[in-house]
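Report on the structure given below.
The values are calculated or read from the model by the stated rules, or taken from the named source; none is laboratory data. Because the structure is predicted, anything quoted here is derived from the model rather than measured. For neighbour counting, all protein chains shown are included, and Cβ atoms are generated from backbone atoms with ideal geometry for every residue, glycine included.
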Amino acid sequence: MTDSPRFQGFETARLRIAPTRECDIPALIPIQEACNRYFAFDPGPEEPAEETIRGEMSGRWLPPGGVPERNFHLTLWQNARPVGFAVVYLGFPHDTCAYIGLLFLDEAARGGGLGRELVEGLTEALEPMGISELRIGVSLRNWPGLRFWTGLGFSTVTKVSAPGHYRPEARALIELSAPINTLTRKD
């Protein structure tokens with residue numbers, strides 16, 4: 001992979017995935033606000049949705065040693081309407097790995113296979129760039145998210161992070177990985 005990867009987006013059967021532009025932010029705010037219940041699992045930034053999106057776009061929350069040029073905030077479009085967004089970092093924890101840091105789908109868009117379609121399209125777009133593995137982090141309290149990601153084939157546990165002592169409200173994160181060639185549909 002090059003030092004400064006260029007990722008222009010891609011299309012699937014029902015989605016157009018493109019880097020988020022400044023003018024897209026107002027349409028993403030309701031999705032961010034509706035998905036804020038995720039932060040009940042994993043406490044996140046306590047700031048307005050617009051500022052959170054801008055932080056995600058600018059790379060405010062990069063992996064250790066990360067650089068903004070490898071961080072991509074992508075908007076998922078269906079029929080010219082945004083239905084979600086994802087944050088993908090290329091080259092963490094190693095050069096041939098991409099890390100999906102966040103995936104939020106509009107509630108009305110869930111359950112219809114768009115998340116699977118995004119991941120399959122992402123694997124097809126990243127493989128020519130030399131990416132051979134995808135990783136994600138999921139709160140251990142996020143059962144719907146765990147079912148979604150393990151159902152796609154993210155079955156290798158690469159890390160468990162559970163800082164501090166157990167408390168009912170404590171958070172813990174599991175990092176899962178999958179080789180790209182196992183995530184694409186072969187039909």
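Quick notes on this one:
- Residue check for Ile131: assigned to a loop (DSSP other than H, G, I, E, B), crowded, with 19+ Cβ neighbours inside 10 Å and either touching a strand residue (DSSP E or B) at 6+ places or on another chain (Cβ under 8 Å) or at pLDDT 95 or above (or both): yes
- Matching residues, segment 58-76, being under 29 Å from Ala108 (Cα atoms) and buried (at least 16 other Cβ atoms within 10 Å of the Cβ): Gly59, Trp61, Asn71, Phe72, His73, Leu74, Thr75, Leu76
- Residue list for segment 77-101, restricted to those being surrounded by 17 or more Cβ atoms within 10 Å (Cβ to Cβ) and over 17 Å from the mean Cα position of the chain (by Cα): Gln78
- If you go through segment 140-183 and keep only what is part of a loop (DSSP other than H, G, I, E, B) and surrounded by 15 or more Cβ atoms within 10 Å (Cβ to Cβ), you end up with Leu140, Arg141, Asn142, Gly153, Phe154, Arg171, Ala172, Leu183.
- Every residue from segment 12-39 that is out of contact with any strand residue (DSSP E or B) (no Cβ under 9 Å at 6 or more places or on another chain), modelled with pLDDT under 95 and hydrophobic (A, V, I, L, M, F, W, C): Ile29, Phe39
- Only one of the numbered conditions (1) modelled with pLDDT under 90; (2) within 20 Å of Arg116 (Cα to Cα) is not met by Trp61, and that is (2).
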